[in-house]
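Everything below concerns the one structure shown next.
The values are calculated or read from the model by the stated rules, or taken from the named source; none is laboratory data. Worth saying up front: this structure is predicted, and the values here are computed from it rather than measured. Don't worry about glycine lacking a Cβ; one is built from the backbone with ideal geometry, like all the others, and counts go over all protein chains shown. The protein model used for the area step is the full one, side chains on, heavy atoms only, and it has no ligands, DNA or RNA in it. Shrake-Rupley method; radii C 1.70, N 1.55, O 1.52, S 1.80 Å.
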Amino acid sequence: MNSLLDLPKAELHLHVEGTLEPEMAFALAERNGVQLPFAGVEDLRSRYAFTDLQSFLDLYYACMSVLRTRQDFEDLATAYLDRAHAQGVRHVEMFVDPQVHLRGGVALEDVLDGLLAALRRAGDRYGMTGGLIPCFLRDLPATDAMDTLERLAPRAAELLGVGLDSAEVGHPAAPFAEVFARARSLGLHLVAHAGEEGPPAYVREALDLLGVERVDHGVRVLEDPELVARLRAEQVPLTVCPLSNVRLGGVASMGRHPLPRMLDAGLLVTVNSDDPAYFGGYVGDNFTALRETFGFDAGALADLAANSVRASFAPESRKAELQAQIEAWREAAGS
Ligand code: ADE
Ligand code: ZN
């Protein structure tokens, strides 16, 4: 089989702050005079033994405090985009958590300008396409999300969509319905994390109350056959992150991951990396883990890449170009 790193793919579930490798965290801490509460790179890495989503989020938010300037955001995203390119990513829809940075006293303009500059550079250098999806934190009040959306609104044309993330269980989607309605009126695409730790009801709420076009994670949907039938009929994309699910304990091991059963159920499943610096691999590594664990052949892996392009918010002409590249890879692989 030709290399999985050459398989053209779209990454649709990627938190840019989750690409902060420990070495860069310490370099930025020094550059900005920020004290990280860890002895060093190895000490920080040794804390990556997560027990659940919250145990990860605590560390993730702590590390983000090193991101202070426009240059920091540009450097962070550039490092990710270079890595992603090397793993076959040709289109990326990048999440960012603006509320965390705003609370830390960082200007929204610096966050957006830095990330957008990095995306432009990846376009110039690699022909990579994509955009930015700011996410609202569901464990903060919906009024905070609405304030943040209004601050984003003047730059809506530069954004792809909005999302919803952070601690899921106990933080239902319902209070965010108005925020998402307003985002839709601004012409933004809508996505939300759901069914990562929470039960299928969280996925239904995201669909019915927020009107999302894609569900981020959704690994618990198989518990609800009626929901599965709906997701299949409507071909709602699910942005699944296998290494993340195993690292956060939502799934006991890669061998028990529901992804093959989700595909068998006819769901539009995509493979993504979520927070790759923390979960042991970038998107190509997720594809490799699936091949090694489930013995997926080149055809099955090309199908997953094709799903990622289909589920993306790329213009139809770009989708056609990427699908042709995937078909060329499939042919070269002889399947
Ligand atoms: N923020 C960053 N990664 C996340 C995840 N996997 N789930 C919810 N919120 C997140
Ligand atoms: Zn996520």
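Tell me whether region 227-235 contains one or more residues that are modelled with pLDDT of 95 or more, surrounded by 15 or more Cβ atoms within 10 Å (Cβ to Cβ) and within 16 Å of ligand 1 (Cβ to nearest atom). Within region 227-235, not a single residue is modelled with pLDDT of 95 or more, surrounded by 15 or more Cβ atoms within 10 Å (Cβ to Cβ) and within 16 Å of ligand 1 (Cβ to nearest atom).
Inspect region 264-282 for any residue being in contact (Cβ under 8 Å) with a residue 24 or more places away in the chain, charged (D, E, K, R), in a loop (DSSP other than H, G, I, E, B) and surrounded by 22 or more Cβ atoms within 10 Å (Cβ to Cβ) and give the result as yes or no. The answer is yes, given that some residue of region 264-282 is in contact (Cβ under 8 Å) with a residue 24 or more places away in the chain, charged (D, E, K, R), in a loop (DSSP other than H, G, I, E, B) and surrounded by 22 or more Cβ atoms within 10 Å (Cβ to Cβ). Identification of helices (runs of 4 or more DSSP H) wholly contained in region 40-141 with 1 or more residues that are within 19 Å of the chain's Cα centre (by Cα) and within 12 Å of ligand 1 (Cβ to nearest atom) yields 53-63, 98-103.
Within region 19-45, residues that are more than 17 Å from Phe56 (Cα to Cα) sit with their Cβ atoms under 6 Å from residues that are of a type outside the set (Val, Ile, Thr) and surrounded by 12 or more Cβ atoms within 10 Å (Cβ to Cβ), at 6+ positions apart or across chains, in these pairs: Leu28/Asp72; Ala29/Leu36; Asn32/Arg68; Val34/Ser65. Sort out which residues of region 237-257 are more than 20 Å from Gln54 (Cβ to Cβ), open to solvent by 10 Å² or more (accessible area, probe 1.4 Å) and either of a type in the set (S, T, N, Q) or part of a loop (DSSP other than H, G, I, E, B) (or both), and write them in order of number. Answer for region 237-257, where residues must be more than 20 Å from Gln54 (Cβ to Cβ), open to solvent by 10 Å² or more (accessible area, probe 1.4 Å) and either of a type in the set (S, T, N, Q) or part of a loop (DSSP other than H, G, I, E, B) (or both): just Ser253.
What number of residues in region 191-210 are aliphatic (A, V, I, L, M) and more than 16 Å from ligand 1 (Cβ to nearest atom)?
Residues of region 191-210 aliphatic (A, V, I, L, M): 191-192, 194, 201, 203, 206-207, 209-210.
Okay, now just the ones that are also more than 16 Å from ligand 1 (Cβ to nearest atom), so 201, 207, 209.
Here the count works out to 3.
Being open to solvent by less than 10 Å² (accessible area, probe 1.4 Å) and within 28 Å of Leu59 (Cα to Cα) is the requirement here; does Val221 meet it? It is true that Val221 is open to solvent by less than 10 Å² (accessible area, probe 1.4 Å) and within 28 Å of Leu59 (Cα to Cα).
For region 154-168, taking the residues that are under 26 Å from Phe56 (Cβ atoms) and among the hydrophobic types (A, V, I, L, M, F, W, C), the one that is nearest to ligand 1 (Cβ to nearest atom) is identified as Ala167. Residues in region 258-280 that are away from ligand 1 (no atom under 14 Å from the Cβ) and within 18 Å of the chain's Cα centre (by Cα): 5 in all. Take Leu59 and tell me if it is open to solvent by less than 60 Å² (accessible area, probe 1.4 Å) and touching a helix residue (DSSP H, G or I) at 6+ places or on another chain (Cβ under 7 Å). Criteria not met by Leu59. Selection over region 283-335 of residues that are in a loop (DSSP other than H, G, I, E, B) and open to solvent by less than 60 Å² (accessible area, probe 1.4 Å) gives a count of 7.
Condition check: among the acidic types (Asp, Glu), surrounded by fewer than 24 Cβ atoms within 10 Å (Cβ to Cβ), within 21 Å of Ala265 (Cα to Cα) and within 13 Å of ligand 1 (Cβ to nearest atom). Does Glu213 satisfy that? Let's see the steps before the verdict.
On the way: among the acidic types (Asp, Glu): yes; surrounded by fewer than 24 Cβ atoms within 10 Å (Cβ to Cβ): yes; within 21 Å of Ala265 (Cα to Cα): yes; within 13 Å of ligand 1 (Cβ to nearest atom): no.
Spelling it out, it is not the case that Glu213 is among the acidic types (Asp, Glu), surrounded by fewer than 24 Cβ atoms within 10 Å (Cβ to Cβ), within 21 Å of Ala265 (Cα to Cα) and within 13 Å of ligand 1 (Cβ to nearest atom).
Note on region 140-157: residues that are under 21 Å from Ala118 (Cα atoms), loosely packed, with under 14 Cβ neighbours inside 10 Å and of a type outside the set (A, V, I, L, M) total 1.
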